[in-house]
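The values are calculated or read from the model by the stated rules, or taken from the named source; none is laboratory data. Model, not experiment: these values are computed from the prediction. All Cβ positions, even for glycine, are placed from backbone atoms using ideal geometry, and neighbour counts span all protein chains on display. These area figures cover heavy atoms from the full protein model, side chains too; ligands, DNA and RNA do not enter into them. Shrake-Rupley method; radii C 1.70, N 1.55, O 1.52, S 1.80 Å.
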Amino acid sequence: MLRVRDGLKDGLGRNITYLRVSVTEQCNLACVYCKPRTGALERAERPAMNRNEVVQLVQAFTSLGIRKVRLTGGEPLMRRDLETIVAGISPEVEGRVHLTTNGLHLAKRARGLRDAGLCGVNVSLDAADRGAFERLTRKDGLAKVLAGLEAARAAGLKAKLNAVVLRGWNEDQIVPLARLAQTEGIQVRFIEFMPYQGNGWGRDQFLPADEILRTVREGLGASLEEEPVAGLEEGPARIFRLPGSEGKVGVISTLSADFCDRCNRVRLTSRGELKACLFGGCPVDLLEPLRNHASHEDLTRLIRQALTEKLDCHPMRRGEVPQFAGGMWQVGG
Ligand code: SAM
């Protein structure tokens, strides 16, 4: 495939190198910060992209300069053909295919995914305590997730933990999760709770990154040494070393200190819509043209056009209400 030499840029000249692809809207958890509290907001079903369509659309992006792909959802492990999708995408990005998963089905899939070309996995784990996990996710699944994490590491996948923090729900899990990172020598990244369609976000539940870090410092009784800021391809987190361990904690401060000026990412929903910003912009349908035999050039033109409209910053920063194109479980986080 012919690749452009100077990469993919948006209308503001930001280099776009990272694509998040949601492969399904289905999920086997109903996390309180993600799923709507009522079923009323679910959009009418449209079948997800099939595996060939996922690979073909990813190829259109990689031909323009995307260098890293993350598969997400919904819960990506709900797809039986995930290994085939990974195998189709991996050569396109020289093996830089990652997965974000709740880890429930990871124990039995980790080796197969690695063999298919998966490089790393982020496991969402918002609590180290069984009861707290069940309250947040509405399922008694902590043991399965920990087994999945262990299997991923045993298979040689790079593994990290992601924890969304909600005041009144799991701020008491910050220190236990940091301790888990310390004893396991793993990285845990705490994510600020973001408002999204139907997730009941409120200021009273929002815990800013600085407060999360203060809780870690006080709970561990240790100062934290910040690592130099890595390129955004390593993610938008600020990372801190934990004393006496390979473990690290990170914070992702989407709201309190956003990183929009360095944004390098775009999203493809499981319905084949390109979303240039998590919080706004009209989604651009790529699947319908693909199904109507659009050429590679047509698809890349649509992608470039959509990126000229990418927002300079997320709308909340200007005090505006974001335009959602579905829930977080539909866009993929
Ligand atoms: N099912 C997979 C999982 O649990 O990781 C992938 C989908 S999930 C939507 C992707 C990421 O979005 C997870 O790390 C999740 O914690 C995060 N997420 C979902 N809703 C969020 C919210 N309201 N604020 C911050 N992060 C959120």
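Peptides 306-315, 181-190 ranked from most to least packed by the mean count of surrounding Cβ atoms within 10 Å: 181-190, 306-315. Helix-only arithmetic for the chain: the sum of -39500 (n - 2.57) across DSSP H runs with n ≥ 4, divided by the residue total, places the mean residue ellipticity at 222 nm at -8500 deg cm²/dmol.
Overall, the accessible surface of the chain at a probe of 1.4 angstrom is composed of carbon and sulfur to the extent of 49 percent. For Val21, the amide hydrogen comes within under 5 Å of the amide hydrogens of Arg70, Leu71, Thr72, Leu268, counting only partners 5 or more places away or on other chains and with H modelled in the peptide plane. With 18 Å as the limit on Cα-Cα distance, the pairs of Lys68/Lys248; Lys275/Lys310; Lys9/Lys275; Lys9/Lys310; Lys35/Lys108 that go past it are Lys68/Lys248; Lys35/Lys108. Rolling a 1.4 angstrom probe over the protein heavy atoms with all chains in place gives the chain an accessible area of 43 Å² per residue.
With unit charges on the beta carbons (Lys and Arg positive, Asp and Glu negative) and the dipole taken about the Cα centre of the chain, which residue among Thr269, Thr84, Gly247 sits farthest to the positive side? The listed residue farthest towards the positive side: Thr84. Per-residue packing, averaged as other Cβ atoms within 10 Å, sorts the ranges 222-228, 327-333, 13-19 into the order 327-333, 13-19, 222-228, beginning with the highest.
Might you report the magnitude of the Cβ-based charge dipole of the chain about its Cα centre, with Lys and Arg at +1 and Asp and Glu at -1, to the nearest 20 debye?
Rounded to the nearest 20 debye, it is 440 debye.
Computed over region 226-296, relative contact order equals 17 percent, with contacts defined as Cα pairs under 8 Å that lie 6+ residues apart. DSSP bridge analysis restricted to region 155-313 gives an antiparallel fraction near 50%, rounded to the nearest 5. Rounded to the nearest 10 square angstrom, Lys9 shows an accessible area of 90 square angstrom against a 1.4 Å probe.
When peptides 125-136, 97-108 are ranked by their average number of other Cβ atoms within 10 Å per residue, the highest-first order is 97-108, 125-136. Bridge orientation summary for the chain: considering DSSP beta bridges with both residues in this region, about 30 percent are antiparallel.
Legend: calculated FRET efficiency, Leu220 to Arg167, from the Cβ-Cβ distance at R0 = 30 Å, rounded to 0.05, equals 0.90.
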